[in-house]
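Below: one structure, written as structure tokens.
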Amino acid sequence: MLPSFNHLKGGENMPKVNQPFRGIVMSRKPFRERDLLVKILTDARGPVMFFVRGAQRKGFKMAADILPFTRGEYVGLLSDEGLSYIVSAGETHQWQGIVADLDANAYATYLLDLVNQAFNEGRGIGGWFKQVEAALDQMNAGKDPQIITNVLEVQLLPFFGVAPVWDRCVICGRQQGTLDYSESYGGMLCFEHYELDEHRLRLDQRVVGYLKFFAQLNLQTVGEINVKPAVKKQLSWALDKIYDDQVGLRLKSKRFIQSMDQWSQSLQLARNEAVDNQESLDQTEELRH
Ligand SMILES: [Zn+2]
């Protein structure tokens, strides 16, 4: 369906004014022959779909301002009905470190996809704009994109109607000792209440610690977070499971990351096999001498 352009004429009772806003480009898709639809996370109204006329033409003046993984200052018409329009762009920057790195690129794409799902179009998102910006800054600076993503996965859960209790047993409130996550109770159980859920996730205590830590972490002030590979693996397993079972969200961008992990694992396996083969060849050589 073609978007309605009627509101551009501006009825008397609906004054339309261009306004400045900050934005992060979330996704783009071609529209008609020459135009683009660009989804931008705005500070003022959350994710907004913009119609950008002529954006697919050569020499389009705002081409650089609407590239993927770009943030900046824009002026435009933020419409409640139909499409919104960008009139001009001020200072914009592309996160080059994300563009250049396959991993960071995949995680940033998924993260923006998730943010798009979490917030309603057209509503303010408070401090979230800065938190998302900080997440992308961290990835751009080479911080572990999986961990940055896991932090926001934990923090966005309440927007999907899932608000786990991470820091205490949901039954008795105990905070000390070992805790484990139960999907059916929507939070942690202490060892005395483990028996209530035989399907509890049986998480490593370091994973439990990180989930609790991530829930209240400010990405704008955090330094390096170094997580061991085995713990990282279980962290993403647990969050994938919670998103699958409790949220029921299965995003294509997440599946891409999962298949990327599988490729790198089979690549590693192939390398190990190659090394093994080389070693046995070496041994055969030695035996011959
Ligand atoms: Zn308990």
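The values are calculated or read from the model by the stated rules, or taken from the named source; none is laboratory data. Because the structure is predicted, anything quoted here is derived from the model rather than measured. Every residue, glycine as well, gets a Cβ built from its backbone with ideal geometry; the counts of neighbours run over all protein chains shown. Side chains included, ligands, DNA and RNA excluded: accessible areas come from the protein's heavy atoms. Shrake-Rupley method; radii C 1.70, N 1.55, O 1.52, S 1.80 Å.
One residue stands out among those in region 61-85 that are assigned to a loop (DSSP other than H, G, I, E, B) and without any contact (Cβ under 8 Å) to a residue 60 or more places away in the chain: the one that is nearest to I98 (Cα to Cα), which is P68. Which count do you get for residues in region 132-170 that are surrounded by fewer than 20 Cβ atoms within 10 Å (Cβ to Cβ), small (G, A, S) and assigned to a helix (DSSP H, G or I)? The total comes to 1. For region 136-184, the tally of residues that are within 16 Å of the ligand (Cβ to nearest atom) and polar (S, T, N, Q) stands at 5.
What are the residues in region 185-218 that are away from the ligand (no atom under 15 Å from the Cβ) and part of a helix (DSSP H, G or I), if any? Passing the criteria: Q205, R206, V207, G209, Y210, L211, K212, F213, F214, A215. Checking each residue in region 219-258 for being assigned to a loop (DSSP other than H, G, I, E, B), closer than 21 Å to S184 by Cα and not charged (D, E, K, R) picks out G248, L249. Please count how many residues of region 215-233 are within 18 Å of the chain's Cα centre (by Cα) and open to solvent by less than 50 Å² (accessible area, probe 1.4 Å). Residues meeting the conditions: 6.
Among the numbered conditions (1) touching a Phe, Trp or Tyr at 6+ places or on another chain (Cβ under 7 Å); (2) closer than 30 Å to E133 by Cα; (3) open to solvent by less than 90 Å² (accessible area, probe 1.4 Å), the only one that K212 does not meet is (3).
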